[in-house]
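Below is one structure, written out as structure tokens, with a few remarks after it.
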Amino acid sequence: MPLFRGRDDDDPQAAQEPVAPAEAPHAGAYDSGSLAGIPASGRERIQRMKQEVQRGFFTSDLSVNEFLLVKESGFEPLGLVLGSSIYHIGYQQAAWNQNQEMGVLTQAMYHARELAMTRMEEEADQLSADGVVGVRLDIGRYEWGADLAEFIAVGTAVKHREGQLHRAPTGRPFTSDMSGQDFATLLRAGYRPAGLVIGNCVYHVARQGMLASLKQIGRNVEMPNFTQALYEARELAMERMQTEADEMQAEGIVGARIIERSHGWGSHVIEFFAIGTGVVSTSTEHVIDRPALVLPLQG
């Protein structure tokens, strides 16, 4: 049976038992005011940012248009906040001819992202921010660690200019991966982001035997084994994303998308990663901007 990287585990049997993210311990438990996991240099940077915010200075990765629209919506950018977690991914076994979720890998990828996102939120909390806009979640790998992956969350912390509390219903700073333009449009329409919601599933797609492959040569025929595998994997990722939104007390999810990557595990092991922004209503009347025709003046 081939080996796939997953979590280190002293018990070989435990490494083969799927563990869904919803059932696993919450590795990224949010603690308001906490700086656990943030290195000394990061804490020094946060202290400098606090002083800079008081004198009106900020840093941001927003584009010029995004920056201006966020300000027009009543929010002031405070500073660039980030969270990082370098995670060692161990191994997990899978039968070559079996469709199955790689539960250990699913859990590792989920917890690593949660750690990064929580640290980003805790940095935003240190700045007394209402939330973080333009959040990006990236995964980096380095030559000095083939089994290591760095999970990074970065965005711009913002605070409402008039002091209106716009945090998530759970009390955490809201997070959103929407652009500044979409963020402003959402606010004008009577909604606000509650938080970034994610769900994932790492799935092993069974290989076909030689006999089955030979029977399909020259024929138009559905591959039910592959269809069901990818269908189930996407469903699991989407279901977990929706569960997060429900726990966040969001009314719905906007900008949802599913990203598929193998992360170097091989062509038959794929992670399906669902991500979107949970939203809540701020008004009973939702006025939607009418589209405007824009003609570019340059060719």
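Can you tell me which condition Leu165 does not meet? The list is (1) more than 28 Å from Phe272 (Cα to Cα); (2) in contact (Cβ under 8 Å) with a residue 40 or more places away in the chain, and all the others hold.
All conditions pass for Leu165, except number (2).
Report, ordered by the first and then the second residue, all pairs with beta carbons closer than 7 Å, sequence separation of six or more or different chains, a first member in the range 122-138 that is buried (at least 24 other Cβ atoms within 10 Å of the Cβ) and among the acidic types (Asp, Glu), and a second member that is in a helix (DSSP H, G or I) and modelled with pLDDT under 90.
These pairs meet every condition: Glu123/Ile46.
In this structure, is Arg141 among the charged types (D, E, K, R), within 26 Å of Gly266 (Cα to Cα) and either out of contact with any Leu (no Cβ under 8 Å at 6 or more places or on another chain) or buried (at least 16 other Cβ atoms within 10 Å of the Cβ) (or both)?
So Arg141 does not fit the description; no.
Considering only the range 252-283, state which residues are farther than 19 Å from Ala112 by Cα and free of Cβ contacts under 8 Å to residues at least 40 places away in the same chain.
Gly252, Ala256, Arg257, Ser267
For Ala157, are the conditions met, namely being of a type in the set (A, V, I, L, M), more than 14 Å from the chain's Cα centre (by Cα) and more than 25 Å from Leu115 (Cα to Cα)?
No.
The values are calculated or read from the model by the stated rules, or taken from the named source; none is laboratory data. Note that the structure is predicted; figures quoted are calculated from it, not measured. Every residue, glycine among them, receives a Cβ derived from its backbone with ideal geometry; neighbour counts consider all protein chains shown.
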